[in-house]
Amino acid sequence: MFFYGTKVFKRSLYAFLVMFLLLCQTAFAADFSKVVILHTNDTHGFDRSDNEHIGMPVIAQIKKDFKNKGYDVIMLDAGDIIQGNDLAKFDKGKSIIKYMNAIGYDAATFGNHEFDYGQEVLFQRIKEAKFPFISANVINTDTEQTLTKPYVILEKPYGKIGIIGLTTPASKTSARPSYVANLKFLEKEALYACTQMYVNELQKAKCDLIIAIGHMGSEESCAGSRSDDVVEHVNGLDIFIDGHDHTVKNDRIGNTLRVETGCHTNNLGCIVFENGQWQEKLIACGTYKESDKNVEKLVNNTSYAIDQKLGTNVGEAIAELDGARMPGLRNQETALGDFITDAILWEANLQLSKDKKAQASIVNGGTIRTGIKAGKIKIRDIQSVLPFENELGIITIKGAALLEILEASTQNTPDEMGGFPQVSGIDYSLDTTVPYTKGNQYPDSLFFAPAAPGSRVTIKSVGDQPFDLNADYRILVNEFIMEGGDSYSGLTLDGAVLSSEMLGITDTDCLQKYISDKLKGKITPEHTKVQGRIKIKS
């Protein structure tokens, strides 16, 4: 029996009060019943609200509706924000950041396409954002520090939310190499270690919820550095919001909920806490109709400015040409790939003397972002098809080097890969029943050289002449390929390129002039047919 005033009683009372306060604090921190996490990824400038895209005006209204119902809304994005179509490209993503500021995003991470305008522009966008851009595995090699903060902690009445950013190591090849030359993207074991280190820091900071926003994806070409790999090797992540591979995901890996919306605001991610766990309640396009008028006005103002500058008619398509990163551009020949490679080869050769003309052209499928719809074609449509506005150049290479880059750039086929070569002036075949045998890994690349070039790819002809391993070929490519982007690192090896010259014209210029001048403004149905330049055995 205890008596008031005794030391035993005082100690017991003190212990009881400490335990009571800890229990109350824990119970309070764990109450997420009125919290909703809205998330986007790979929006690529598809921020207009229409029949196919939820768009930022509707997303803003959805957030408002949740807040009006008493929810605290956390707003996150998993990268590829400021590049992809005319809306994003028009002012290099400046307007996109304005929309996100108006909505009230809490954090975002870098996608590989955040580097498309160079780091100077990226840091300007970061400065304009009223939310932090975070990434834990992008290291500036000049300072050996992360390019930006690795994580952010949101202090909420109900507890602390720790958010870590991650960026795909594929950025070192899917971004222009010269734009990321001073950056190191931690991958595999180093990626796991840095992520675990920051998770541990957030746990020490007593975060009640730890979220990763990772532009990582699950593509086989990134094996070892995918969202799957990170979640399997890192302890303590409650939620992983993924991006990069444009896939809808809603699964659990261990104790971690992994989600992704797909792309282009086709869906809006909506995570809620129900039945004792976090659950994704994906909001599909068309579910909501109301728009936030302020954000709608911002988007309309940008669209109007684009129409004023880029609304001039170039021509008309009688039938639609496929695109929109649909299956084909990245794993097989398409009519649009044929059309674009023909266009750039025709326009480039108009500017060259007979002895300087290119015999063929190659375009990596990943540079083509959307199709050409039937109807009137405006300049803005051209820029949506080829938003990177790559300058073109001619490289002179041996037949052996040509065979190597075609073999390397089809190494994942029949799976998709951004480097898949759409061609004009080249007739080649690919046998996907033969396994790709890896040689040495290319420097600063995720890709491996072919151990035996020609084991999967056979080139029949170049420029209508039989292929010769020892012949010199003049090939028209964009500056991204010329720098060894994606799977074209073989071109950066000593002696691979015998000579090169830039032409001072862009792929968008060539496509526009091809339609207006060569085709007299009419894309007829014959151009919607695949020409049969690439034969694939599977």
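The values are calculated or read from the model by the stated rules, or taken from the named source; none is laboratory data. These numbers were taken from a predicted model, which means no experiment stands behind them. Neighbour counts run over all protein chains shown; Cβ positions are idealised from the backbone, glycine included. Heavy atoms of the whole protein, side chains included, go into the accessibility calculation; ligands, DNA and RNA do not. Shrake-Rupley method; radii C 1.70, N 1.55, O 1.52, S 1.80 Å.
Do we find a residue being in contact with a Leu (Cβ under 8 Å, 6 or more places away or on another chain) and modelled with pLDDT of 95 or more anywhere in segment 120-131?
no
Based on this model, can you work out whether G162 counts as more than 19 Å from the chain's Cα centre (by Cα), buried (at least 19 other Cβ atoms within 10 Å of the Cβ) and not in a helix (DSSP H, G or I)? Full working, then the answer.
Numbers: more than 19 Å from the chain's Cα centre (by Cα): yes; buried (at least 19 other Cβ atoms within 10 Å of the Cβ): yes; not in a helix (DSSP H, G or I): yes.
Yes: the conditions hold for G162.
So is T173 among the polar types (S, T, N, Q), crowded, with 17+ Cβ neighbours inside 10 Å, in contact (Cβ under 8 Å) with a residue 12 or more places away in the chain and over 16 Å from L122 (Cβ atoms) or not? Spell out how you get there, then give the answer.
Numbers: among the polar types (S, T, N, Q): yes; crowded, with 17+ Cβ neighbours inside 10 Å: yes; in contact (Cβ under 8 Å) with a residue 12 or more places away in the chain: yes; over 16 Å from L122 (Cβ atoms): yes.
Against the criterion (among the polar types (S, T, N, Q), crowded, with 17+ Cβ neighbours inside 10 Å, in contact (Cβ under 8 Å) with a residue 12 or more places away in the chain and over 16 Å from L122 (Cβ atoms)), T173 qualifies.
Just wondering, is there one or more residues in segment 224-238 that are of a type in the set (K, R), within 27 Å of G418 (Cβ to Cβ), free of Cβ contacts under 8 Å to residues at least 40 places away in the same chain and open to solvent by 10 Å² or more (accessible area, probe 1.4 Å)? Before you say what the answer is, go through the steps one by one.
Pass one, segment 224-238, residues of a type in the set (K, R): 226.
Now restrict to residues that are within 27 Å of G418 (Cβ to Cβ): 226.
Applying the additional criterion that residues be free of Cβ contacts under 8 Å to residues at least 40 places away in the same chain yields 226.
Cutting the leftovers down to open to solvent by 10 Å² or more (accessible area, probe 1.4 Å) gives us 226.
Looking for residues that are of a type in the set (K, R), within 27 Å of G418 (Cβ to Cβ), free of Cβ contacts under 8 Å to residues at least 40 places away in the same chain and open to solvent by 10 Å² or more (accessible area, probe 1.4 Å), one finds at least one in segment 224-238, hence yes.
So which of N478, N440, N470 ends up being of a type in the set (S, T, N, Q), at pLDDT 95 or above and closer than 19 Å to L345 by Cα? Don't jump to the end; show me each part of the working.
Details: N440 fails: closer than 19 Å to L345 by Cα; N470 fails: closer than 19 Å to L345 by Cα.
Result of the check over N478, N440, N470: N478.
In segment 114-146, which residues are out of contact with any Cys (no Cβ under 8 Å at 6 or more places or on another chain), buried (at least 24 other Cβ atoms within 10 Å of the Cβ) and part of a loop (DSSP other than H, G, I, E, B)?
D116, I134, S135
So, in segment 36-69, how many residues would count as being under 24 Å from G162 (Cβ atoms), open to solvent by 10 Å² or more (accessible area, probe 1.4 Å) and assigned to a loop (DSSP other than H, G, I, E, B)?
Result for segment 36-69: 0.
For segment 73-111: of the residues being among the polar types (S, T, N, Q) and modelled with pLDDT under 95, which is farthest from R176 (Cα to Cα)?
As a first pass, look at segment 73-111 and keep what is among the polar types (S, T, N, Q): 83, 85, 95, 101, 109.
Remaining after also requiring modelled with pLDDT under 95: 83, 85.
On the way: Q83: 13, N85: 18 Å.
Within segment 73-111, the match that is farthest from R176 (Cα to Cα) is N85.
Can you list residue pairs whose Cβ atoms sit under 9 Å apart, with the first residue in segment 511-528 being touching a residue at least 40 places away in the same chain (Cβ under 8 Å) and at positive phi and the second being among the hydrophobic types (A, V, I, L, M, F, W, C) and exposed (fewer than 13 other Cβ atoms within 10 Å of the Cβ)? Count only pairs 6 or more apart in sequence or on different chains.
none
Checking the condition modelled with pLDDT under 95 and charged (D, E, K, R), which residue from E320, E260, E316 passes? Let's see the steps before the verdict.
Values: E260 fails: modelled with pLDDT under 95; E316 fails: modelled with pLDDT under 95.
Selected residue: E320, the only one of E320, E260, E316 that is modelled with pLDDT under 95 and charged (D, E, K, R).
Have a look at T261, T167, T195 and point out the one that is among the hydroxyl-bearing types (S, T, Y) and without any contact (Cβ under 8 Å) to a residue 60 or more places away in the chain.
Working: T261 fails: without any contact (Cβ under 8 Å) to a residue 60 or more places away in the chain; T167 fails: without any contact (Cβ under 8 Å) to a residue 60 or more places away in the chain.
Criteria check complete, one pass: T195.
Has segment 402-409 got any residue that is in contact with a Pro (Cβ under 7 Å, 6 or more places away or on another chain) and open to solvent by 30 Å² or more (accessible area, probe 1.4 Å)?
So the first thing to find is which residues in segment 402-409 are in contact with a Pro (Cβ under 7 Å, 6 or more places away or on another chain), and the list is 403-404, 406-409.
Applying the additional criterion that residues be open to solvent by 30 Å² or more (accessible area, probe 1.4 Å) yields 404.
The answer is yes; a qualifying residue exists.
Taking the options T410, T370, name whichever one is assigned to a loop (DSSP other than H, G, I, E, B) and under 21 Å from A317 (Cβ atoms).
Details: T410 fails: under 21 Å from A317 (Cβ atoms).
Every option except T370 fails the conditions.
Which one is least open to solvent (accessible area, probe 1.4 Å) among residues in segment 373-385 that are of a type in the set (G, A, S) and not in a strand (DSSP E or B)?
First pass over segment 373-385, keeping only residues of a type in the set (G, A, S): 374-375, 384.
Pick out the ones that are also not in a strand (DSSP E or B) and you get 374, 384.
Details: A374: 63, S384: 18 Å².
Within segment 373-385, the match that is least open to solvent (accessible area, probe 1.4 Å) is S384.
Would you pick out the residues in segment 349-372 that are open to solvent by less than 30 Å² (accessible area, probe 1.4 Å) and either under 20 Å from the mean Cα position of the chain (by Cα) or among the β-branched types (V, I, T) (or both)?
The answer is I362, V363, N364, G365, G366, T367, I368, R369, G371, I372.
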